[in-house]
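The values are calculated or read from the model by the stated rules, or taken from the named source; none is laboratory data. All values reported here derive from a predicted model rather than from experimental measurement. Cβ coordinates were reconstructed from backbone atoms using ideal geometry, including for glycine residues, and neighbour counts include every protein chain displayed. Areas reflect the complete protein model, heavy atoms only, side chains present, ligands, DNA and RNA absent. Shrake-Rupley method; radii C 1.70, N 1.55, O 1.52, S 1.80 Å.
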Amino acid sequence: MYSLFNSNKMFFLFILFFSTLISISSNSWFGCWMGLEINLISFIPLISNSNNTLATEASLKYFLTQSIASMNFLFMILLKMLMLKSSFYTNNFISIMINSTLLMKMGSAPFHFWFPNIIEGLSWFNAFILMTWQKISPMILLSYYFNKNFIILIMILNSIIGALGGLNQTSLRKLMAFSSINNLGWMLAAITISEKMWMLYFLMYSFLISIMCLMFNKLNLFFFNQMFIMNMTPLLKIFLTINFLSLGGLPPFIGFFPKWMIINFLLMNNFFFVSFIFIMMSLILLFFYLRIIFSSLMFNYLKLKWLKIFLKNNLMNYLMNFFNFISITGIILSTFFFY
């Protein structure tokens, strides 16, 4: 039964991977829409294959929001094809609507309300896919046809909502969802600069999110208060601190490097207000990351025997230790490669 489940999971992951490639390599809007639909169809079985009621609810919510966005996207591309000789205002409206549907697909503010609720019902593995891989297709399609002023407004909204929304959260999955919304603002800024800049930021973000999801999955952490009742090894506490601070964009960690580059580009192009908002909201993000870190660092209870599982010498733990090492030495390594 387990092998059958694994083979089914691999099959849908394979389709998920190729649907993204179909979408981003298509030379027509209709082909892009088809790739997005295949992506939706392949991700729903991955969410709903558990007996968890929340997962079933999450799959239904995901289907409804994505299908509404897909319908609007298809309607707008058909409208654009029909209205070839349209006025400036009509073109502006169509571009904003196409951008809105793609932003809704990736869970961007102000179309983000479905995103934290769905992540709450997912496993850490599925949450990781939703926070990283599922953003690739809409983001690349957005770079083909975007309304500059509208995207600047959305960047600011993402940064503010992502930071303020995570302040009163007790669930780690919701907190990571709001962190993802905040990082989406940075990603939109990166993609307006260049696709290479976006790829660098996206790879760094995916790398850090993968470590966090692996650690939370390994320790079976889902809520903020579990940090208080759980006694971690000193090494594990250091790893958790490093990765949270790196995700917040604190120097000298690796997460700071792409944010530094984006701020540099924004300042060169006179986007002073956007840069100010991004920096201030990153401070709020760091505040609630530090709140989590203190709860795990300051409390010290009796040693729990099952935590020794985490220190066993298997391949996954070696890999995680290597990732954590890269995370702490990232800014030093990056100076050799980029300068």
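Contact order, relative form, for the chain: 14 percent (alpha carbon pairs under 8 Å, 6 or more residues apart, mean separation divided by residue count). Highest mean first, the peptides 103-113, 73-83 sorted by other C-beta atoms within 10 Å per residue fall in the order 103-113, 73-83.
For Tyr201, Tyr318, Tyr144, the ranking by accessible surface with the largest value first comes to Tyr318, Tyr144, Tyr201, using a 1.4 Å probe. Note on the chain: Cα-only Rg and Dmax are 20.5, 73 Å. For segment 197-290, with all protein chains present and a 1.4 Å probe, just round the carbon and sulfur fraction of the accessible area to a whole percent. Of all accessible area on segment 197-290, carbon and sulfur atoms account for 80 percent.
Test of understanding: in a Gaussian network model of the chain with alpha carbons linked when under 10 Å, which of Gly162, Gly185, Gly35 would top the mean-square fluctuation ranking? Of Gly162, Gly185, Gly35, the most mobile in the Gaussian network model is Gly35. Ordering Thr90, Tyr289, Leu240 by the projection of their Cα atoms onto the charge dipole of the chain, which places +1 on the Cβ of Lys and Arg and -1 on the Cβ of Asp and Glu, puts Leu240 at the extreme positive end.
When the P(r) is computed for segment 89-219, the part past 26 Å accounts for 19% of the Cα-Cα pairs.
Note on Thr192: accessible area approximately 60 square angstrom, rounded to 10, probe 1.4 Å, nucleic acids and ligands left out.
Based on alpha-carbon atoms, the Kirkwood radius and the radius of gyration of segment 163-218 give Rg/Rh equal to 1.04. Note on segment 55-163: Cα-only Rg and Dmax are 15.0, 48 Å.
Protein heavy-atom accessible surface, 1.4 Å probe, per residue over the chain: 48 Å². Quick one: among Phe93, Phe125, Phe224, which has the greatest mean-square fluctuation in a GNM of the chain with alpha-carbon springs under 10 angstrom? Greatest mean-square fluctuation among the candidates belongs to Phe93. Under a Gaussian network description of the chain, with springs only between Cα atoms under 10 Å, the residue in Phe273, Phe288, Phe253 that fluctuates furthest is Phe273. When nucleic acids and ligands are ignored and a 1.4 Å probe is applied, Ser25 ends up with an accessible area of around 90 Å². Available extension along the chain between Asn91 and Gln226 is 43.5 nm, counting 0.36 nm per residue and deducting the alpha carbon span.
A straight line joining the Cα centroids of segment 161-201 and segment 220-285 runs 10 Å.
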